[in-house]
């Protein structure tokens, strides 16, 4: 409200962001710690990063995770863009309530339920667990995020541009590819990036639907982390955090100053 | 809308709605029916470990493999519906009776709801001042502050929970810091207790609370607060009478976004909670350790029933303020 920020705001911002970032900062710091004991500082080193890249199991899991994430998020972006477009531009249609329900429910659905139900479906269909089931599962929950992002981007534009193009004789497909798609492209790109990180991050659902040959990075990290803190995992986490930070900065750059809570 | 009223566009319209619709029906809706069906079946020592009830899933007769999925799913749905009452009569509610009679499950549900509820309130108490302060920060800082809130949300959930293990352990950094400051003489026992679960949930879900709160608070008309100040209201009065009531949609959206997934949370109690009983962990161990798929399904069905109310409320009131939109 005022141009001047009060002491209250300074304290809230300071404490809030310290709480959000201190644990991550400590994790990153200790990935450079030259000591087997994770809480004792033994000087700077890069050796955990070296051991990380020499760890075949982890590297293999990283490859599986990346392949799944790229395919799943591409699929999710296509499906989610269609769904977001349908919700924002196609007005009423039969089963719209169910449709928007199916888009929103996965955003809050506990992961154990999603994971269990998808696995049981794959078993009922006798589809073997592996890459395919991981991709189908990840594409399904990610497409809902894409749909929401695309829908809100579309809701921010008035229809007059599309209508003008129609009046000038453009076919619907032309309107979509020449006008609508360029308009929503930032949201589509941001949706892809979001899907990518969601897929990269997923542990619980992957635990249900992955097979012996398709162990993902989060599953590997989780099984090591359960045994305690390890500097190697700190190093791996640091790399992942760095990648995600880059991605998020890129996404917010494409989104420019629109989206992400600026419109609701 | 206008773009899709032409006769030539009818097919485009069908495809745009139909493709994601069929996909979600296949991979979101049908799976729930399958869980429901399994929750009413008996566990066996076969592979897969259950004795199915109700119609079988149609086998692939076309030889189209996975491409035949949508068609087979529709056929399956149809056989459920046409089975009607005869099928209902044959159902076996044994798993649900088991859940109701064993206090372990009841306690796990109650504990999960309690932990999720308390964590939601704590997240709100921490998130609200932060969101409010963000709206009062200078205009040019706000995109950066937004990004700073979103960044952890994009960062691996698992890694953020893991980061707390090193801090909360008996020989961890928090205890080291407090002991070297002379504030405590014995290490605090936080790791592997419910307290650690609270910390983990509040920390992991804070962005989900802050984003919708910020979205509503930043749309609040500053003129309202000025008018109230001009009329002699103290800042605190203005907050209670104007800011708080007007930010209610954001509070609701944020609370649902935290409460619903936190109730079924698995990773946080598993890594930080030690023996802390939560239903997500129970479901997981029924499935993976005891291999009792029907019972795990029954646990999921009951959890879903508990959460249906909040999910419907979220869709009705929260979704418009949805953080992502």
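The values are calculated or read from the model by the stated rules, or taken from the named source; none is laboratory data. Because the structure is predicted, anything quoted here is derived from the model rather than measured. Note that each Cβ is placed from the backbone with ideal geometry, even for glycine, and that neighbours are counted across all protein chains shown.
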Can you find a residue in segment A:16-31 that is more than 7 Å from chain B (Cβ to nearest Cβ), modelled with pLDDT of 85 or more, closer than 30 Å to residue B:311 by Cβ and surrounded by 21 or more Cβ atoms within 10 Å (Cβ to Cβ)? no
Filter result for residue B:213 (within 23 Å of residue B:118 (Cβ to Cβ) and in the same structural domain as residue B:141 (by TED's automatic domain parsing)): yes
Yes/no for residue B:218 being in contact with a helix residue (DSSP H, G or I) (Cβ under 7 Å, 6 or more places away or on another chain), farther than 30 Å from residue B:38 by Cα and either without any contact (Cβ under 8 Å) to a residue 40 or more places away in the chain or surrounded by fewer than 24 Cβ atoms within 10 Å (Cβ to Cβ) (or both): yes
Quickly run through segment B:110-140 and pick out the residues that are part of a helix (DSSP H, G or I) and without any contact (Cβ under 8 Å) to a residue 40 or more places away in the chain. B:110, B:114, B:121, B:125, B:129, B:133, B:136, B:139, B:140
Only one of A:125, A:119, A:136 that is at the interface with chain B (Cβ under 8 Å from one of its Cβ atoms) and under 27 Å from residue B:265 (Cα atoms): A:136
Tell me the residue from B:163, B:137, B:131, B:116 that is surrounded by 22 or more Cβ atoms within 10 Å (Cβ to Cβ) and more than 25 Å from residue A:225 (Cβ to Cβ), please. B:131
Tally up the residues in segment A:224-240 that are in contact with a strand residue (DSSP E or B) (Cβ under 9 Å, 6 or more places away or on another chain) and facing chain B (nearest Cβ under 7 Å), please. 0
The one condition residue B:228 fails out of (1) over 22 Å from residue A:197 (Cβ atoms); (2) at pLDDT below 90; (3) facing another protein chain (nearest Cβ under 10 Å); (4) buried (at least 18 other Cβ atoms within 10 Å of the Cβ) is (3)
Qualifying positions in segment A:96-116 - more than 17 Å from residue A:195 (Cα to Cα), at the interface with another protein chain (Cβ under 7 Å from one of its Cβ atoms) and modelled with pLDDT under 90: A:101
If we only count helices (runs of 4 or more DSSP H) wholly inside segment B:255-313, which ones have 3 or more residues that are at the interface with another protein chain (Cβ under 9 Å from one of its Cβ atoms) and surrounded by fewer than 22 Cβ atoms within 10 Å (Cβ to Cβ)? B:293-313
Looking at segment B:237-252, can you tell me whether even one residue there is part of a helix (DSSP H, G or I), surrounded by 21 or more Cβ atoms within 10 Å (Cβ to Cβ), touching a residue at least 12 places away in the same chain (Cβ under 8 Å) and in contact with a helix residue (DSSP H, G or I) (Cβ under 6 Å, 6 or more places away or on another chain)? yes
(1) closer than 25 Å to residue A:183 by Cβ; (2) surrounded by fewer than 22 Cβ atoms within 10 Å (Cβ to Cβ); (3) touching a residue at least 60 places away in the same chain (Cβ under 8 Å); (4) touching a helix residue (DSSP H, G or I) at 6+ places or on another chain (Cβ under 7 Å): which one isn't true of residue A:84, the others all being true? (2)
For segment B:126-141, give me each residue that is modelled with pLDDT under 90 and more than 8 Å from chain A (Cβ to nearest Cβ). B:139, B:140, B:141
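Quick grid of which residues meet (1) within 10 Å of chain A (Cβ to nearest Cβ); (2) modelled with pLDDT of 90 or more:
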{"position": "B:91", "(1), (2)": "no, no"}
{"position": "B:95", "(1), (2)": "no, no"}
{"position": "B:106", "(1), (2)": "no, yes"}
{"position": "B:124", "(1), (2)": "no, yes"}
{"position": "B:143", "(1), (2)": "yes, no"}
{"position": "B:147", "(1), (2)": "yes, no"}
{"position": "B:152", "(1), (2)": "yes, no"}
